[in-house]
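What follows is one structure encoded as structure tokens, with my remarks underneath.
The values are calculated or read from the model by the stated rules, or taken from the named source; none is laboratory data. For clarity, every value in this text was computed on a predicted model and none was experimentally measured. Reconstructed Cβ throughout: ideal geometry from the backbone, glycine too, with neighbour counts over all protein chains shown. The area values use the complete protein model at the heavy-atom level, side chains included, leaving out ligands, DNA and RNA. Shrake-Rupley method; radii C 1.70, N 1.55, O 1.52, S 1.80 Å.
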Amino acid sequence: MKPVATGFQDIRTGDVHDYDNIIQYFNFRQADQKLPHRPHSITFVTTGIIPYDGGQTTMLHLGTELSKHGFDVYYLSYVRQTREEMETNAAFNYSGYKGTCLDASALEHHQSDIWIATMWESVYVLKDRPGYKMYFVQDYEPYFYAYGDRHYLAKKTYELGLHMVSLGPWCAEMIQKNCRVRSPLDVVNFPVDSDQYTYRPRNFMDYHTKKEFTIAAYTKWNSPRRAPISLQIVLKNWTRIAREQGYKLNIVYFGTDRSARFLSGTNLGKLTKKEMEALYLRSDFGIAPSMTNFSLVPYEMMDAGLPVIDFYEGTGRSFIAEDCALYCHLDALSISRTFLDAVRDPVRIRNSVHNARRHLTSVTWKKTISDFMEIVASLQTPANV
């Protein structure tokens, strides 16, 4: 008897050959930390430079600030990408960035006083190199994978002796909760580029009589931490409920390739900063779920004065006070109730925007780089100076 072929497949658990170019670096030895002199060079080890990537934009901004403080800063790719492509994408992500891009050919000969891992794979790549090894933790990456070997490989990197620096408190809390920490674990401020978007005051009292609302919804289909499936289901059902209550919702998605077919609404695709600004200014509410570490997008919406709806199931409350957004559960009935309560009491919306903009003044890049420089200064013991 022969089985019948189907279009279904087992859940993909990964292929060891995905890591052919770096598999030689994988081991679980503890990092040997040495800082023989006052550090001058800092190298971020990264997966090339990818456009529209918030994490790499943050890396480039941090590297630029470190360069301004006198360090020789490098961005070294361990995947195949030309230096020219890296430079083009770096300039797209963060115009005016400072530092030198190095392609994978530099892996064998490049030297650095301080190495900084930017995701779990890069920990293995740099762990055994001479110098002082740090880990810029922008998310709790075991959650990127189903529970299994890649979940384990990612989790293990927090236990290998690198000096970890968590972007915001949530990652540090997850590491302390789930891992056996054997090395320093510091936290720096999760920053925003304040005033990068045009702030337009809105008359929120008009929301009380409006019957049509535009919702700017950010998600990424290839990123479960941005809840692309749940968000579409919730917003589709909310649109139906709102219609029954006499409201029309125009759902406008962005952050995903234009080719993706959403359950409802309009998909604008991946947007430039100028295009996002235009969307924020013509929208009435913004939504950008973060199921793991926070996203820059809600901060950007707040910077433009756009009221933000966020979810209790996400991590937003680890980064912003509850009175900075309109919180609800990630289901259609809850978001519908929150929306109705808000438009019937526009003062609540106005206050959330006011509180959010005030919060942005406390989470600047100036504070983040100050936090990071204090950590670097703490490495320079008398023996190392």
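Among the residues of the range 68-78, is there at least one that is open to solvent by 30 Å² or more (accessible area, probe 1.4 Å), assigned to a helix (DSSP H, G or I) and either touching a Phe, Trp or Tyr at 6+ places or on another chain (Cβ under 6 Å) or at pLDDT 95 or above (or both)? Yes, the range 68-78 contains a residue that is open to solvent by 30 Å² or more (accessible area, probe 1.4 Å), assigned to a helix (DSSP H, G or I) and either touching a Phe, Trp or Tyr at 6+ places or on another chain (Cβ under 6 Å) or at pLDDT 95 or above (or both). Pairing residues of the range 370-385 that are surrounded by 13 or more Cβ atoms within 10 Å (Cβ to Cβ) with residues that are hydrophobic (A, V, I, L, M, F, W, C) and modelled with pLDDT under 90, at Cβ distances under 6 Å and at least 6 apart in sequence or on separate chains, gives L379/L35; N384/L35. Residue under question is T100, and the condition is that it be over 21 Å from the mean Cα position of the chain (by Cα), among the β-branched types (V, I, T), open to solvent by 10 Å² or more (accessible area, probe 1.4 Å) and at pLDDT 95 or above; does it hold? Judged against the criteria, T100 is a match. Scanning the range 204-239 for residues that are of a type outside the set (D, E), open to solvent by less than 90 Å² (accessible area, probe 1.4 Å) and outside any strand (DSSP E or B) yields a count of 19. Restricting A227, A216, A172 to residues that are among the hydrophobic types (A, V, I, L, M, F, W, C), more than 20 Å from S352 (Cβ to Cβ) and touching a strand residue (DSSP E or B) at 6+ places or on another chain (Cβ under 6 Å) narrows the list to A172.
Scanning the range 163-182 turns up no residue that is without any contact (Cβ under 8 Å) to a residue 60 or more places away in the chain, closer than 24 Å to D331 by Cβ and among the small types (G, A, S).
Of all positions in the range 105-117, at least one carries a residue that is of a type outside the set (F, W, Y), more than 30 Å from K274 (Cβ to Cβ), surrounded by fewer than 18 Cβ atoms within 10 Å (Cβ to Cβ) and in contact (Cβ under 8 Å) with a residue 60 or more places away in the chain.
Exactly one residue out of S183, S264 is surrounded by fewer than 21 Cβ atoms within 10 Å (Cβ to Cβ) and in contact with a Lys or Arg (Cβ under 7 Å, 6 or more places away or on another chain): that is S264. The set of residues in the range 298-337 being modelled with pLDDT of 95 or more, part of a helix (DSSP H, G or I), under 25 Å from S166 (Cβ atoms) and open to solvent by 10 Å² or more (accessible area, probe 1.4 Å) consists of D323 alone. Out of Y135, Y52, one residue alone is among the hydroxyl-bearing types (S, T, Y), at positive phi and either in contact with a His (Cβ under 8 Å, 6 or more places away or on another chain) or open to solvent by 10 Å² or more (accessible area, probe 1.4 Å) (or both). It is Y52. Each residue in the range 349-358 was checked for being buried (at least 18 other Cβ atoms within 10 Å of the Cβ) and free of Cβ contacts under 8 Å to residues at least 60 places away in the same chain, and 2 of them qualify. Annotation: of all residues in the range 269-297 being part of a helix (DSSP H, G or I) and free of Cβ contacts under 8 Å to residues at least 40 places away in the same chain, the one that is most open to solvent (accessible area, probe 1.4 Å) is K274.
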